[in-house]
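Chemist: Sharing a structure, written as structure tokens. Questions coming.
The values are calculated or read from the model by the stated rules, or taken from the named source; none is laboratory data. Keep in mind that this is a model prediction, so the values were computed, not measured. When the accessible area is computed, the model is the full protein with side chains, heavy atoms only, and any ligands, DNA or RNA have been set aside. Shrake-Rupley method; radii C 1.70, N 1.55, O 1.52, S 1.80 Å.
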Amino acid sequence: MIPHDILTLYSAKMLEYGIAIFFLLLFIPFWSYVQGSAVAPEVAPARARTPAPATDWFALPADRLFHRGHAWLKGDDDGSVTVGLSDFAAKLVGPLTRISLPAVGTSVGQGEMAWRLVADDGRTVDMLSPVDGTVIEVNSAVAAKAETAETDPYERGWLLKVRPTRLRANQIGLLSGQAARRWMDEVLVGLRGQLAPNLGALSQDGGAPLHGMARAIDPEHWDALAASLLLTGKEDSHA
């Protein structure tokens, strides 16, 4: 048999170990809490500074293909395509008084000037066609009332219907889906980094972007800025 004094010593040691383990278990969550509290003030501001994605500001319908000059096209059942300006282009240049459209029968080329936006201060900005082909119809309602292209650029505000001649080849240079969203995010990063500390300063109540963003950024040379972004500036005339 084990002597009584040895059993007593063994029990005392086990009690000490139990108490030590108990306090260790209490200490672990306490230390995690302290560490979490210490880093929380640094994490919160970083999240607050994260820019909103482009899709929060500018609509990019999944059924459209986008040219880097901010025009779009959508295939029609009869083999033609419908063409218009993007939501970004409308908000960049607007408010508009009219849109000068090519006549029916005019040939257009991808990356070539196809129509002209006329702003309410009389200045103009050209836009590029996203496709090669022949104009078979124009939206006369938009030509007469450009506001429709600003408020509903993807539906009632369409500009041209074109009979394409090289659609398969043209599609290689167009963007859709996730690629279009990444491209628009890159455009906004460029605006934030090069033209303004925070593009949010150009929005209404920090939310929707202002119509006429180019004017808010550079009132004196806004048309040159807009032309650069739409790839119709002098240095981009062959984009």
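Chemist: Would you tell me the accessible area of His67, worked out with a 1.4 angstrom probe on the heavy atoms of the protein chains, in Å² to the nearest 10?
Modeler: 20
Chemist: Something else about it: Once amide H atoms are placed 1.01 Å from N in the peptide plane, what residues at a sequence separation of 5 or more from Glu137, or on another chain, have their amide H within under 5 Å of its amide H?
Modeler: Lys161
Chemist: Provide the solvent-accessible area of Ser140, counting protein heavy atoms only and rolling a 1.4 Å probe, rounded to the nearest 10 Å².
Modeler: Surface accessible to solvent at Ser140 totals approximately 80 Å².
Chemist: A follow-up question, please. Could you tell me the accessible area of Met213 in Å² (1.4 Å probe, neighbours in place), rounded to the nearest ten?
Modeler: Surface accessible to solvent at Met213 totals approximately 0 Å².
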